[in-house]
Amino acid sequence: MQKYLTIATVLKPQGIRGEIKVLPQTDTPDDMKSFGEVVIEGETYKVLACRAAGGYAYLTLRGVPDRNAAELLRGKQVLADRACAPELPEGRVYIADVIGCALVTEEGETLGEIVDITPARTDIYTALVAGKQAMFPAADGVIVSVDAEGGKVTVNKKRFEEVALL
């Protein structure tokens with residue numbers, strides 16, 4: 001498991017006092033409030049303030065005093081230490097823990113490897129299958145189980161073949 005989780009992407013500076021607008025990769029923007037420190041480009045920043053509005057989070061970081069400093073963070077990934085992350089409800093996993101898992105059918109046939117997950121109302125999984133990228137939604141009946149600790153995502157082969165874009 002990775003020590004750091006990607007929790008957001010910096011979109012732009014907000015105002016003139018160094019606040020940054022971020023697109024959270026958490027379940028809700030309010031989840032961002034649970035992180036006391038974040039890492040951007042290898043630099044650790046203490047979170048001085050966090051507010052959520054309209055699907056975005058706004059962070060004030062120690063060491064980012066003005067708009068010019070905030071502008072340098074545009075487009076960067078915001079990471080947080082896994083130890084600071086909130087506990088997940090039963091049956092939920094972090095995306096970072098699923099990347100690299102084997103994609104297998106209920107019959108045990110290995111189809112490929114999960115290489116990316118795009119968060120959405122219905123998450124979009126990207127897998128490397130027979131040397132090609134295949135994208136499929138986490139729709140009803142497609143994914144049977146996710147075992148991040150065991151390193152595998154099990155799918156219903158028939159449903160997978162119906163919805164996967166190869």
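A few points about this structure:
- Residues being part of a strand (DSSP E or B) and either surrounded by fewer than 18 Cβ atoms within 10 Å (Cβ to Cβ) or not polar (S, T, N, Q) (or both) - total across the range 27-61: 20
- Criterion (over 26 Å from residue 27 (Cα atoms) and either assigned by TED's automatic domain parsing to the domain that holds residue 22 or in contact with a His (Cβ under 8 Å, 6 or more places away or on another chain) (or both)) met by exactly one of 80, 69, 130: 69
Let's see how each residue does on (1) among the small types (Gly, Ala, Ser); (2) within 30 Å of residue 42 (Cα to Cα):
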position: 79; (1), (2): no, yes
position: 88; (1), (2): no, yes
position: 123; (1), (2): no, yes
position: 130; (1), (2): yes, no
position: 155; (1), (2): no, no
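- Being in contact (Cβ under 8 Å) with a residue 24 or more places away in the chain and assigned to a strand (DSSP E or B) holds for only one residue in 64, 93, 104, and it is 104.
Rundown of residues vs (1) on the phi > 0 side of the Ramachandran plot; (2) exposed (fewer than 12 other Cβ atoms within 10 Å of the Cβ); (3) at pLDDT 95 or above, yes/no style:
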site	(1), (2), (3)
121	no, yes, no
130	yes, yes, no
139	no, no, no
148	no, no, no
154	no, no, yes
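- Filter pass, residue 97 being among the acidic types (Asp, Glu), closer than 23 Å to residue 143 by Cα and crowded, with 17+ Cβ neighbours inside 10 Å: yes
- Taking residues in the range 37-57 that are under 18 Å from residue 79 (Cβ atoms), and partners anywhere that are in a loop (DSSP other than H, G, I, E, B) and modelled with pLDDT under 95, the pairs with Cβ atoms closer than 7 Å and at least 6 places apart or on different chains are 46/36; 47/35; 47/36.
- Of the residues screened, residue 80 is one that is farther than 27 Å from residue 142 by Cβ and of a type outside the set (S, T, N, Q).
- Check on residue 110, surrounded by 15 or more Cβ atoms within 10 Å (Cβ to Cβ) and more than 22 Å from residue 25 (Cβ to Cβ): no
- Considered as a group, the residues in the range 3-26 that are in a loop (DSSP other than H, G, I, E, B) and basic (Lys, Arg) include one that is farthest from residue 66 (Cα to Cα), and that residue is 3.
- For residue 74: the one exception among (1) at pLDDT 95 or above; (2) part of a strand (DSSP E or B): (2)
The values are calculated or read from the model by the stated rules, or taken from the named source; none is laboratory data. Nothing here was measured: the structure is a model prediction, and the numbers come from that model. For neighbour counting, all protein chains shown are included, and Cβ atoms are generated from backbone atoms with ideal geometry for every residue, glycine included.
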